[in-house]
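Beneath this line is the structure, given in structure tokens, with notes to follow.
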Amino acid sequence: MKKITSFLTTIIILTIAIVSCKNKVEGINQFQIRSSKGDAHVFVGEDINWTSTVYFKNKIKSVEVKLTSAHAGRWSFEKIYNEEFKGETEYRFNEVITLPPDLPVGEYGFTIQAIDSNGETDEKTIKVNVSVDSSRPFASTLDVGINAKKDNLHLESHISAPKKVQHIKVYIKQNALAKEYVFEGKNIAGEIDFTFHEHVDVSDFPPGNYEVILDITDMNGKSAQTKGSFQK
């Protein structure tokens, strides 16, 4: 009796597997995006988590994702995947795209295109509405300037934080060199609207081109960034 039951169980499992394979739809399936709002409405400066399953009987050749605006010249994102699934017929994507803090608001198209080894394609697009989260901190364009002696760096940006500033960090980077400066004194912590104006000693920095990132974190843990650069 046990042998018969085991045999029947095996048959059922195989049948389910075969039916499941036959019912698979070729191309792009379950293409979705998630944000803090949980749908296709996202905020400037936040992460978009997108997921999808791609299936082709003739194996996947490449997958391209694009986030573009109908307005020419605006920021766009593009990435091509082709190494992750070499020789695979099915692949599950679970990826994150970070929107820049200065991204213009409006409607964007988030498109995924998949191609199989025979050149057959499938494409799907989700309309994404990008807006500003008024509860998040904001920083204007970072003004960066170095003095004539090349030893003192001027930093200035207007900060707005409805939930009050917790701290501000400044990162100065050049290749392997990276330095971090934390500002959280009485004129910064707890502030809502003010002009950040500080000077940093860069006398020990070697000559070169540097990127400067100013990162604001509010009392709720939300953050915003603004960037600049200088040459020494």
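The values are calculated or read from the model by the stated rules, or taken from the named source; none is laboratory data. All values reported here derive from a predicted model rather than from experimental measurement. No Cβ is skipped: glycine too gets one built from the backbone with ideal geometry, and neighbour counts run over all protein chains shown. Protein only, heavy atoms only, side chains kept; ligands, DNA and RNA dropped before computing areas. Shrake-Rupley method; radii C 1.70, N 1.55, O 1.52, S 1.80 Å.
What to note about this one:
- In the chain, helices alone account for a calculated mean residue ellipticity at 222 nm of -3000 deg cm²/dmol, with every DSSP H run of four or more residues adding -39,500 (n - 2.57).
- Think of the chain as having a plus end and a minus end, set by charges on the Cβ of Lys, Arg, Asp and Glu; of Pro104, Ala189, Ala114, Ala114 sits farthest toward the positive end of this dipole.
- Here's the picture: a label point sits 7 Å out from the Cα of His199 along the beta-carbon direction, and within the range 125-157 the residues with their amide nitrogen under 19 Å of it are 143-157.
- Listed peptides 24-33, 154-163 by packing density, highest first (mean Cβ within 10 Å): 154-163, 24-33
- Comparing Ala224, Tyr210, Tyr91 along the charge dipole axis of the chain, the residue lying farthest to the positive side is Tyr91, per the Cβ-charge model.
- Relative contact order of the range 142-232, pairs being alpha-carbon contacts under 8 Å that are 6 or more residues apart, as %: 36 percent
- Loop-located trypsin sites (Lys or Arg not before Pro) in the range 30-114 (DSSP state not H, G, I, E or B) with no more than 10 neighbouring Cβ atoms inside 10 Å: Lys86.
- Sum of side-chain charges, Asn58 neighbourhood, beta-carbon under 11 Å (Lys, Arg +1; Asp, Glu -1): 0
- The Cβ shell under 12 Å around Val212 holds other residues with a net charge of -1, Lys and Arg each +1, Asp and Glu each -1.
- A crude spin-label estimate for the pair Glu84 and Ser131, with each label 7 Å from Cα along the Cβ direction, gives 3.0 nm.
- Debye, to nearest 20: dipole size of the range 102-169, +1 on Lys, Arg Cβ, -1 on Asp, Glu Cβ: 620 debye
- Answer label for volume of the Cα convex hull per residue in Å³ (calculated), chosen among [x] 114; [y] 213; [z] 127: [y]
- Its relative contact order, with pairs defined as Cα atoms under 8 Å and 6+ residues apart, puts the chain at 16 percent.
- Amide H partners (placed H, <5 Å) of His167, local residues excluded: Thr217
- Under a 5 Å amide H cut-off, with hydrogens placed 1.01 Å from N, Leu142 pairs with Lys227 among residues at least 5 apart or on other chains.
- Dipole size of the chain about its Cα centre, with +1 on Lys/Arg Cβ and -1 on Asp/Glu Cβ: approximately 920 debye, rounded to the nearest 20.
- Where both bridge residues fall in the chain, DSSP classifies roughly 95% of the beta bridges as antiparallel.
- At a probe radius of 1.4 angstrom, the accessible area of the range 76-232 per residue rounds to 56 square angstrom.
- Lysine pair number, Cα distance threshold 14 Å (strictly under), the range 61-171, separation 8 or more or different chains: 4
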